Amino acid sequence: MAQTKAKPAANDLTVRKKGPGFYLKRDWELYVLMILPMLFIIVFKYFAYGGLSVAFLDYKVARGYAGSEFVGLQIFEKVFTHRDFGEAVFNTLLLNILDLIFSFPMPIILALLLNEVRCGPFKKTVQTVVYMPYFLSWVIVNYILYGIIGSKYGLLNRVIEFFGGTAINFYNAPGYWTAILVVAKVWKDLGMNM
């Protein structure tokens with residue numbers, strides 16, 4: 001007759017838990033690598049919350065945070081009841097919606113068009129030229145736009161005057177600003193988003 005082994009009791013199967021010291025000793029290099037990112041998060045994310053108190057103060061630079069008078073929600077009331085608040089919210093929403101409508105599909109369309117190009121050097125040249133504006137600052141982009149649509153020396157106004165029209169001051173005409181901002185954003189980010 002074969003002998004069968006007795007099964008151990010359930011309480012004999014206890015697994016010994018390892019404490020945090022075991023993992024700290026085993027993976028100390030990873031914890032050292034985490035120090036700098038954690039300091040970055042603490043300094044720039046959590047210490048910044050102290051600066052949010054300025055929204056509830058009548059802040060004076062000479063007095064600092066401690067010497068400025070606490071005014072509660074008075075600043076927010078002033079902002080929300082300002083006569084231009086509704087227009088500012090509308091303009092913000094309009095620009096964001098137009099940015100979504102134009103900035104989202106344009107890189108996809110350009111990428112699909114470039115995918116169909118079979119001439120390798122032409123394709124790489126177009127990719128490079130389209131990608132370049134992403135690395136320009138907004139100041140340089142503004143100067144390029146000014147060279148194109150500026151009222152006195154802009155290329156577009158020169159063409160308009162050449163054909164007998166009168167120059168348009170695009171920067172001071174309120175009807176053109178929305179289009180200028182959307183086109184500039186699409187042009188600047190097109191290569192990166194592609």
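Assorted remarks:
- Any hit, region 109-118, residues being in a helix (DSSP H, G or I) and in contact with a Gly (Cβ under 8 Å, 6 or more places away or on another chain): no
- Tallying residues that are loosely packed, with under 10 Cβ neighbours inside 10 Å and assigned to a loop (DSSP other than H, G, I, E, B) within region 19-48 yields 1.
- Top-ranked residue of region 169-192 - restricted to ones that are open to solvent by less than 50 Å² (accessible area, probe 1.4 Å) and more than 26 Å from the chain's Cα centre (by Cα), ranked as nearest to Ser137 (Cα to Cα): Phe170
- The residues on offer are Asn96, Asn91, and the sole one that is open to solvent by 70 Å² or more (accessible area, probe 1.4 Å), among the polar types (S, T, N, Q) and either under 28 Å from the mean Cα position of the chain (by Cα) or at pLDDT 95 or above (or both) is Asn96.
- Of all residues in region 97-133 being without any contact (Cβ under 8 Å) to a residue 60 or more places away in the chain and in contact with a Leu (Cβ under 8 Å, 6 or more places away or on another chain), the one that is farthest from Lys185 (Cα to Cα): Lys123
- Residue within region 145-159 that is out of contact with any strand residue (DSSP E or B) (no Cβ under 6 Å at 6 or more places or on another chain), open to solvent by 80 Å² or more (accessible area, probe 1.4 Å) and outside any helix (DSSP H, G or I) present: yes
- First in region 51-65 and under 20 Å from Glu77 (Cα atoms), second anywhere and among the hydrophobic types (A, V, I, L, M, F, W, C) and open to solvent by 100 Å² or more (accessible area, probe 1.4 Å), Cβ under 7 Å, 6 or more apart: Phe56/Phe70; Leu57/Phe70
- Taking the criterion of being closer than 30 Å to Glu77 by Cβ and either among the charged types (D, E, K, R) or touching a residue at least 12 places away in the same chain (Cβ under 8 Å) (or both), the only residue of region 11-49 that qualifies is Lys45.
Each row is one residue, and each column tells you yes or no for (1) aromatic (Phe, Trp, Tyr); (2) within 26 Å of Leu94 (Cβ to Cβ); (3) in contact with a Lys or Arg (Cβ under 7 Å, 6 or more places away or on another chain).
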position	(1), (2), (3)
Gln127	no, no, no
Val139	no, yes, no
Asn142	no, yes, no
Leu155	no, no, no
Val159	no, no, no
Phe162	yes, no, no
Val183	no, yes, no
Val186	no, yes, no
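- Restricting attention to region 99-108, the residues that are open to solvent by 60 Å² or more (accessible area, probe 1.4 Å) and not aliphatic (A, V, I, L, M) total 2.
- Residue tally, condition in a helix (DSSP H, G or I), hydrophobic (A, V, I, L, M, F, W, C) and open to solvent by 50 Å² or more (accessible area, probe 1.4 Å), over region 49-82: 8
The values are calculated or read from the model by the stated rules, or taken from the named source; none is laboratory data. In this text, all values refer to a predicted model and were calculated from it rather than measured experimentally. Methodologically, a virtual Cβ is constructed for each residue, glycine included, from the backbone with ideal geometry; neighbour enumeration extends over all protein chains shown. What goes into the accessible areas is simple: the full protein's heavy atoms, side chains included, and nothing from ligands, DNA or RNA. Shrake-Rupley method; radii C 1.70, N 1.55, O 1.52, S 1.80 Å.
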